[in-house]
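To start, the structure under review is shown below, and the notes come after it.
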Amino acid sequence: MPFESDGFSATTEVLLRAVQQGYRVVELPMVLKSRAIGVSKMKVIDTIRMHLGLMSRALWWRIADRKAVVALSKHQSQAN
């Protein structure tokens, strides 16, 4: 499954595309603990921007899929 995102949003995109293609996605609970050593490399503003961009692309995927389904059903009804 090809995807465009990288970094923290790549996982989200893979899950969105899997759902879009009909796969069943389940959530497994986990407990996140604070970092004992070191500093996170995540840049919060950049990550928020990436996720917002991904959500807008995901909305476009849904709209485009819906248009394709409507066009296919119109084509099939005209063929009959």
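Give, rounded to the nearest 20 debye, the magnitude of the charge dipole that the range 1-50 has about its Cα centre when Lys and Arg contribute +1 at Cβ and Asp and Glu contribute -1 at Cβ.
Dipole size: approximately 220 debye.
Can you list the HN-Hα couplings for the range 17-28, worked out from phi with the Karplus curve (6.51, -1.76, 1.60; θ = phi - 60°), rounded to whole Hz and with x for Gly and Pro?
5, 5, 4, 4, 8, x, 6, 8, 10, 10, 9, 10
All of the numbers you see were taken from the coordinates with simple rules; none came from a lab. As the structure is a prediction and not an experimental result, all values here were calculated from the model. For neighbour counting, all protein chains shown are included, and Cβ atoms are generated from backbone atoms with ideal geometry for every residue, glycine included.
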